[in-house]
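Peer 1: Can you keep this structure in mind? I'll have questions shortly.
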Amino acid sequence: MAGRVRVESRNVDGAGMNTKQNTMGRFSKGYLVLYNIAMAFGWAAIGLMLIRHYVYERSYFGLYRSVEPLLKVFQTAAVLEVVHCAVGLVRSSVYLTAMQVYSRVFLVWGIIVSVPDVGDKAGIVGCLTAWTVTEVVRYSFYAFTLVDALPRALLWCRYTLFLPLYPIGVTGELLTIWNALPTLQRTRMYSIELPNAANISFSYYYYVLFVCMSYVPIFPQLYCHMVKQRRKVLNGKMD
């Protein structure tokens, strides 16, 4: 009797663990679905505001200011994707995800917000246009994938639109950084100069130059990786 009770106890414990895991799995999936839907709608709202500005103003002057509040919120919210990877909600590299998220968040807060004049330069058009279309497609793709209802058209967009959008976005980002450099050099913004109690120095201007130069080796690798992924995915699922 004692042995039988112990076996039954283990079975109950195992069933309880499975139930708990299933509950957590459903919660995690539901959370990720809601997160991706919210992000898709947020970027779609930014896109509508961009279109409205183009239609009524017929100029890129004031374009950034027209979407600034929403852009800050939804671009910064992407930091949660690093957390998702770190805690195991999403099976992606924490390092690669952090690098991709950092580049966008850095450009918004470290360049555009810090040097407001660049918001009225031509480079901002490439940034905002490429970011908006890419993110609407990307988050919609993730949301539909999670609920096993991915339309073929969305699959095609996810692995095709990056072909023109990545170069457009990167060009816009580099132009925006380039336009900010004179102000960063003149004002010595965020820099630490000697002498000081810590006996350290830091030049934000040269750091931004370094970030700018890092696009040269990194972008071709990411672009080629996406091209390979496109061949692999579309050849297997679009036939």
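Peer 1: Quick check on my filter: what residues within the stretch 51-81 are loosely packed, with under 15 Cβ neighbours inside 10 Å, touching a residue at least 40 places away in the same chain (Cβ under 8 Å) and more than 28 Å from Leu32 (Cβ to Cβ)?
Peer 2: Scanning the stretch 51-81 gives Phe61, Gly62, Arg65.
Peer 1: For Thr187, are the conditions met, namely being surrounded by fewer than 18 Cβ atoms within 10 Å (Cβ to Cβ), among the hydroxyl-bearing types (Ser, Thr, Tyr) and on the phi < 0 side of the Ramachandran plot?
Peer 2: Criteria met by Thr187.
Peer 1: Still on this model: Go through (1) farther than 23 Å from Gln100 by Cα; (2) of a type outside the set (Ser, Thr, Tyr); (3) assigned to a helix (DSSP H, G or I) for Cys224 and report which single condition fails.
Peer 2: Among (1) farther than 23 Å from Gln100 by Cα; (2) of a type outside the set (Ser, Thr, Tyr); (3) assigned to a helix (DSSP H, G or I), the lone unmet condition for Cys224 is (1).
Peer 1: Scan the stretch 160-202 for residues that are farther than 19 Å from Val108 by Cα, among the small types (Gly, Ala, Ser) and out of contact with any strand residue (DSSP E or B) (no Cβ under 6 Å at 6 or more places or on another chain) and jot them down.
Peer 2: Across the stretch 160-202, the qualifying residues are Ala197, Ala198.
Peer 1: Could you say which residue among Ser92, Ser114 is of a type in the set (Ser, Thr, Tyr), outside any helix (DSSP H, G or I) and within 16 Å of the chain's Cα centre (by Cα)?
Peer 2: Ser92
Peer 1: When you look at Ile46, is it in contact with a helix residue (DSSP H, G or I) (Cβ under 6 Å, 6 or more places away or on another chain) and either closer than 21 Å to Leu128 by Cβ or in a helix (DSSP H, G or I) (or both), yes or no? Show your work before the answer.
Peer 2: Numbers: in contact with a helix residue (DSSP H, G or I) (Cβ under 6 Å, 6 or more places away or on another chain): yes; either closer than 21 Å to Leu128 by Cβ or in a helix (DSSP H, G or I) (or both): yes.
So Ile46 passes the test.
Peer 1: Out of Tyr56, Tyr60, I need the residue that is assigned to a helix (DSSP H, G or I), at pLDDT below 95 and not aliphatic (A, V, I, L, M). Which one?
Peer 2: Values: Tyr60 fails: assigned to a helix (DSSP H, G or I).
One residue alone meets the criteria, Tyr56.
Peer 1: Only one of these is touching a residue at least 12 places away in the same chain (Cβ under 8 Å) and either in contact with a Phe, Trp or Tyr (Cβ under 9 Å, 6 or more places away or on another chain) or not in a helix (DSSP H, G or I) (or both): Leu150, Leu128, Leu175. Name it. Can you show your working first?
Peer 2: Numbers: Leu150 fails: touching a residue at least 12 places away in the same chain (Cβ under 8 Å); Leu175 fails: either in contact with a Phe, Trp or Tyr (Cβ under 9 Å, 6 or more places away or on another chain) or not in a helix (DSSP H, G or I) (or both).
Among Leu150, Leu128, Leu175, only Leu128 is touching a residue at least 12 places away in the same chain (Cβ under 8 Å) and either in contact with a Phe, Trp or Tyr (Cβ under 9 Å, 6 or more places away or on another chain) or not in a helix (DSSP H, G or I) (or both).
The values are calculated or read from the model by the stated rules, or taken from the named source; none is laboratory data. This one's a predicted model, so the numbers in the text were calculated from it and none came from an experiment. Please note: Cβ atoms are built from the backbone with ideal geometry, for glycine as well, and neighbour counts cover all protein chains shown.
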